[in-house]
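Report on one structure; see the data block that follows.
The values are calculated or read from the model by the stated rules, or taken from the named source; none is laboratory data. Please read all numbers here as calculations on a predicted model, not as lab measurements. Quick reminder, even Gly has a Cβ in these numbers, built from the backbone with ideal geometry, and neighbours come from all protein chains shown. Ligands, DNA and RNA are excluded from the accessible area calculation, which covers all protein heavy atoms including side chains. Shrake-Rupley method; radii C 1.70, N 1.55, O 1.52, S 1.80 Å.
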Amino acid sequence: MNDAPKSEGLRERKRRETSHRIAEAGLNAFLANGYDATTLDEIAAAAGISRRTFFHYFKSKDEVLFASLSHYASVVKASVLAEPPTGMAIDIARDALLNLVGSFQGAEMMATAKVMRESKTLRSRRHTGYLQFEQAIFDGLCELRPDQARNSLRLVSLVAVAAFRLAVETFQQQNARQPLTGYVRDAFERLKAEVR
């Protein structure tokens, strides 16, 4: 019996690549023109597909933007899983978030956050991205530490994302006086000082 993972078929690979191309084209258009001014036709044209094909992959331009956030959440989860399970859970979560913002994807993520902040349509849905990060940290910690109480890991995930959110908002309000990683480190240091 062969237990090797099934390789991705050509159809699945093409579908994934097209979905990624649409999401990338949409994000680039949002960054260049603003979310509200970007049309589905512009996204489809930039991705090299028809408007009709767009709807085979996404129901709306909201979904295009949230596909990017989902990708960032999977990067966070992978970073959690790459950590040794012996450290403090809050430090593992902090390091995963620092890994994201310190990477190329961090700049893209901040640009996405700016698009969401500037759009009246999306402002009320900004928390969706943070919820994805929270779930990614929680899922990663549960896999990393299967014997630890899930409520404890849920609490760490909630608090870590709250600290991260505060860091991002402070970074934006202060017009990036220092790199975002500095704001994230500061937020986690203050959190740990208050908990002691």
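Quick check: anything in the stretch 52-64 closer than 26 Å to VAL184 by Cα and in contact (Cβ under 8 Å) with a residue 60 or more places away in the chain? Spell out how you get there, then give the answer.
First, pick out the residues of the stretch 52-64 that are closer than 26 Å to VAL184 by Cα: none.
No; the residues of the stretch 52-64 include none that is closer than 26 Å to VAL184 by Cα and in contact (Cβ under 8 Å) with a residue 60 or more places away in the chain.
Which of the residues spanning the stretch 136-157 are open to solvent by 80 Å² or more (accessible area, probe 1.4 Å) and either over 26 Å from ALA67 (Cβ atoms) or under 17 Å from the mean Cα position of the chain (by Cα) (or both)? Quick ask: steps written out before the conclusion?
First, the residues of the stretch 136-157 that are open to solvent by 80 Å² or more (accessible area, probe 1.4 Å): 143, 146-147, 150-151, 155.
Result: PRO146, ASP147, ARG150, ASN151, LEU155.
Give the residues of the stretch 78-107 that are of a type outside the set (Gly, Ala, Ser), open to solvent by 60 Å² or more (accessible area, probe 1.4 Å) and under 23 Å from SER19 (Cα atoms), sorted by residue number.
In the first step, residues of the stretch 78-107 are kept if they are of a type outside the set (Gly, Ala, Ser); the result is 80-81, 83-86, 88, 90-92, 94-95, 97-101, 104-105.
Now drop any that are not open to solvent by 60 Å² or more (accessible area, probe 1.4 Å), which leaves 81, 84-86, 88, 99, 104.
Of everything in the stretch 78-107, just one residue is of a type outside the set (Gly, Ala, Ser), open to solvent by 60 Å² or more (accessible area, probe 1.4 Å) and under 23 Å from SER19 (Cα atoms), namely PHE104.
Within the stretch 119-132, track down each residue that is assigned to a helix (DSSP H, G or I), within 20 Å of VAL75 (Cα to Cα) and open to solvent by 10 Å² or more (accessible area, probe 1.4 Å). If you could, list the steps in order and put the result at the bottom.
Of the stretch 119-132, the ones assigned to a helix (DSSP H, G or I) are 120-123, 127-132.
From the residues that got through so far, the ones that are within 20 Å of VAL75 (Cα to Cα) too are 127-132.
Across the stretch 119-132, the qualifying residues are HIS127, THR128, TYR130, LEU131, GLN132.
Cβ-Cβ below 6 Å, separation at least six or inter-chain, first residue in the stretch 1-23 and at pLDDT 85 or above, second among the hydrophobic types (A, V, I, L, M, F, W, C) and surrounded by 10 or more Cβ atoms within 10 Å (Cβ to Cβ): which pairs?
ARG21/ALA47; ILE22/ALA47; ALA23/VAL64; ALA23/ALA67
Any chance the stretch 77-88 includes a residue that's closer than 25 Å to GLU118 by Cα and not hydrophobic (A, V, I, L, M, F, W, C)? Please lay out each step first, then the result.
Filtering the stretch 77-88 down to residues closer than 25 Å to GLU118 by Cα leaves none.
No, there is no match, as no residue in the stretch 77-88 is closer than 25 Å to GLU118 by Cα and not hydrophobic (A, V, I, L, M, F, W, C).
Output the residue which, of all residues in the stretch 37-59 that are open to solvent by 30 Å² or more (accessible area, probe 1.4 Å) and under 21 Å from the mean Cα position of the chain (by Cα), is nearest to LYS14 (Cα to Cα).
TYR57
Can you tell me which residue within the stretch 50-63, out of those that are under 27 Å from ALA113 (Cβ atoms) and not in a helix (DSSP H, G or I), is modelled with the lowest pLDDT?
Taking the stretch 50-63 as the starting set, the residues that turn out to be under 27 Å from ALA113 (Cβ atoms) are 54-55, 57-63.
After this cut, where a residue has to be not in a helix (DSSP H, G or I) as well, the list is 58-60.
Details: PHE58: 93, LYS59: 92, SER60: 89.
So, considering only residues that are under 27 Å from ALA113 (Cβ atoms) and not in a helix (DSSP H, G or I), the one modelled with the lowest pLDDT is SER60.
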